[in-house]
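Here's the structure we're looking at; comments come further down.
Read-outs: derived from the displayed coordinates by stated rules, not from any lab. Keep in mind the model is a prediction, meaning the values are calculated, not measured. FYI the Cβ positions are ideal-geometry reconstructions off the backbone, even for glycines, and counts take in every protein chain you see.
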Amino acid sequence: MSKFVPIALAMLGAAGAVSAQSQDQQPTPPSAEKPALGPDGKVVPQVLVNGGRPSDMEERRMSTAGKQVYGREELDRNGDTNLGDVLKRLPGVTIGGGRPGRGGDVRMRGLGSGYTQVLLNGERPPAGFSMESISPDQVERIEVMRGPIAEHSTRAIAGTINIILREGYQQRDIQVKTGDTIEQGRHSPNVSVTLPGKTGNLTYTISGMLNITRQHDSTFTHNEDVRDDGFITKDQEVHDESSGTSKNVHFTPRFSWKFDSGDTLNFQPFLMHSSRHGGLNSLLDQGTGIIAPEYVTADQQSHNTSTFLRGFGNWVHKLQGAAKLDVKFGFGLGKSDADSLRNQYDANGNLSDRFTDTDKTRDHSVNTGGKYSSPLGGGHLLAAGWDLEASHREQTKVSLDKNGNPQFSDSGDNLTADTRRAAVFAQDEWDITPQWGVYMGARWEGIRTSSDRSAGKVSNTSSVFSPLLHAVYRIPGFQKDQLRASLTRSYKSPNVQDLIALPFLSRLNSATRPDRIGNPDLKPELATGLDFAYEHYLGRSGIVSIGGFVRDIDNLIRRELSLQQTDLGQRWVSTPGNIGHARTKGIELEAKFQLAEIMGEGAPNLDFRSNYSRFWSSVDGIPGPDNRLDQQPKQTANLGMDYRFKPIPLTLGASYNWTPAIRVQTSLTQVVETSRKRVVDMYGLWKFDGRTQLRVSVANLLADDATGTNTVDANGLTSYATTLNPTYRQVTIRLETKF
């Protein structure tokens, strides 16, 4: 990556020189030649009045550090009931997990879990919080940043997705949305309400959502172990049937008080409570082999509850000139309880074993931060600030067999974990000329994690310094064209679970289903990145862009598999570790436009959206050709269209999301494969009037099966695990009303 640095700097310098020269050569605008004069003969100053926040496309265009903005138009388009379905259609964004409609972690540029930074109002959400569980009705806009900026944490190797919750100043009407999602004949009703208001200096928006989700899933797994001499030691078919009902409540008020001095105080709490009760029935059919099956039939009942409360606040104090001080404060509380009872039976129906598992986790956090910003002469906007955060976790995990014996040494003992994070940053956005803008920033961030458990005290300390450089060049004579380039330093820190997690025990333990433990000696992954893009803007909300990126990653974290002697005997165990260096690169294409803005009057009212990404990656020390970064596909693509009928108030739309099959050589001994993913969503929207509309949508129309294969070749044995997960169509009906 070091060879890219002088090239990038030379390109930026050359572009700046051309921009300055073009600025000198451009003719003076007529308005500058003949300024407006008042009755007294003096020049009348011209004032530009903007009625609110710039449009999504204008904000993207004017941002020096590349940022894509998706507001209410994109959030409302398909009538999605969870944010994950909105995110999966954005350029370069994918949702992890094998089944459409079942959620998963949010990913950018195909990179696996943890490489994408997801923020809620610019802050990291509390541990255990599922971002895609947020209702789109509670979100004002989504900001997608390909490269890190100093103001936010640089734990963003793949990029950052910032979820901005509802803001009061744009809401005028009471909005009520009621709906029902039907899957396999099971109904999942939901209702959301947004209530804005203003009393004196207080502006507020109260948003809430309630839903009940009923789901049923089937999983078919074929496990086979074969010795090097071809002898089959295990051949099993496992059929799991699971079902569950979840109840979720989200409450997101926002309050803003404007003082007479011009200062503003904002506060926005976020409360989420969920409860789920589920059941599982399992049938294990033993074929050939010498290994006795652990059970023949099994049943399991589980109950999970979780409550998260997060508060965001900031005070904006205006100083002399246009300078201001923005002081942030926040807190987080998390409580989750899970318990399950699993009974396993032999071929005669006799109880062979019983497992009782409970997990109680409590999280607390407080944070503060601030940013001082001031415009300086020569087009500079300087900002500097700090972030401080402290979090505490307490966890008690108990796992007992039918005789009441613990399944691991720490069973029943309390684990405490403390994390302290501190950061300072400075940045300067410099408009060198109307064509040429540069963002220069730097951020230092340190993290210390410590824990206390029966096995002893462990701690992990790391710090990262991240210099950042972004530039935009608006091509003279081509008002709608511009170039972007970035050179950045980012990182991925180990999460608490990877550092100090209590053991996770796998039923049917094998090389393809190992136990999982943590590693307190992990170091953060460090990445040097180069991003570039060409953007051509079309009409009011259209764009055609082509971009690319390179990331050099050191201290890559991978899970390593080993056969270990444990409290339960010899078992396969997965442990995270730093294995070395990797590189990923890719190209990203995007096109979106309204056909009428290109073809003029008389053109169909058709909106078109598409994006395509191609990724390459390699991990040193692992043989190719599939030595890719974990879970990264080679390609992703999205295609969407919306058609508005002229004679009747009807809009029809459809989108297609595609990810090809993935095959990754994760280590010298393991290969993981997943099937292609094709998701087709369609909707119809009928507007009765300006305040009431009915939306009908069908998600996952193709309902393709999701399949996968995990192969481990170690210790003279090759283990295969092949899974098949059926997926299902979802039909949603929503009535949306404004008062």
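Here each label is just a point 7 Å from Cα along the line to Cβ, and for Leu724 and Thr233 those points are 2.7 nm apart.
Placing +1 at every Lys and Arg Cβ and -1 at every Asp and Glu Cβ, with all other atoms neutral, what dipole size does the chain have around its Cα centre, in debye to the nearest 20? Numbers along the way, then the final one.
Values: 83 positive and 83 negative charges, 341 e Å.
With only Lys, Arg, Asp and Glu charged at Cβ, the dipole is about 1640 debye.
For segment 536-581, the list of trypsin sites (Lys or Arg not before Pro) that fall in a loop by DSSP and count at most 15 other C-beta atoms within 10 angstrom reads Arg540.
Only helices enter the 222 nm calculation for the chain: every DSSP H run of n ≥ 4 contributes -39,500 (n - 2.57), and dividing by all residues gives -2000 deg cm²/dmol, rounded to 500. Kindly express, to the nearest 10 degrees and within the range 0 to 90, the angle between helix 4-25's C-alpha long axis and the longest C-alpha principal axis of the chain. Between helix and principal axis, roughly 20 degrees. Neighbours of Thr116 by Cβ distance under 10 Å: Lys/Arg scored +1, Asp/Glu scored -1, total +3. Any idea how far the Cα center of segment 336-355 sits from the one of segment 405-469, in Å? That distance is 40 Å.
Convex hull of alpha carbon positions in segment 36-738: directionally averaged projected area 34.3 nm².
In segment 115-244, one over the average inverse separation of all distinct C-alpha pairs is 19.3 Å, which is the Kirkwood hydrodynamic radius.
Report, as a whole number in µm² per second, the diffusion coefficient that Stokes-Einstein gives for segment 398-451 at 25 °C and 0.890 mPa s using the Kirkwood radius over alpha carbon pairs.
On the way: Rh = 16.3 Å.
Using the Kirkwood radius from Cα pairs, D works out to 151 µm²/s.
Most tightly packed first, judged by the mean number of other beta-carbon atoms within 10 Å of their residues, the peptides 220-233, 479-492, 379-392 read 479-492, 379-392, 220-233.
Placing unit charges on the Cβ atoms only, positive for Lys and Arg and negative for Asp and Glu, gives segment 469-594 a dipole magnitude near 260 debye about its Cα centre. At the listed q of 0.10, 0.16, 0.17 Å⁻¹, the Debye profile of segment 316-410, built from one uniform point per Cα, gives log10 I(q)/I(0) equal to -0.56, -0.82, -0.86. Comparing His277, Ala383, Asn211 along the charge dipole axis of segment 36-738, the residue lying farthest to the positive side is Ala383, per the Cβ-charge model. With r as the distance between the Cβ atoms of Ala426 and Ala292 and R0 = 56 Å, compute the FRET efficiency 1/(1 + (r/R0)^6) and round to 0.05. Efficiency for this residue pair is about 0.30.
Give the residue list of GluC sites (Glu not before Pro) in segment 539-646 that are DSSP loop and have at most 14 other beta-carbon atoms within 10 angstrom.
Details: sites: Glu560, Glu588, Glu590, Glu597, Glu601; in loops: Glu601.
Hits after loop and neighbour filter: Glu601.
Taking the alpha carbon gyration tensor of segment 593-739, multiplying each eigenvalue by 5 and rooting it gives semi-axes of 44, 20, 10 Å, largest first.
Structure shown: which of Lys88/Lys677; Lys258/Lys738; Lys67/Lys258; Lys177/Lys677; Lys492/Lys592; Lys492/Lys585 lie over 22 Å apart, alpha-carbon to alpha-carbon? Spell out each step's value before the answer.
Values: Lys88/Lys677 12 Å; Lys258/Lys738 27 Å; Lys67/Lys258 29 Å; Lys177/Lys677 30 Å; Lys492/Lys592 32 Å; Lys492/Lys585 17 Å.
Flagged as over cut-off: Lys258/Lys738; Lys67/Lys258; Lys177/Lys677; Lys492/Lys592.
Separation of segment 705-722 and segment 160-219, taken as the distance between their Cα centroids, equals 42 angstrom.
Considering only Leu606, Ser719, Asn190, whose Cα is most displaced toward the positive end of the charge dipole of the chain, charges sitting on Cβ of Lys, Arg (+1) and Asp, Glu (-1)? Toward the positive end, the furthest listed residue is Leu606.
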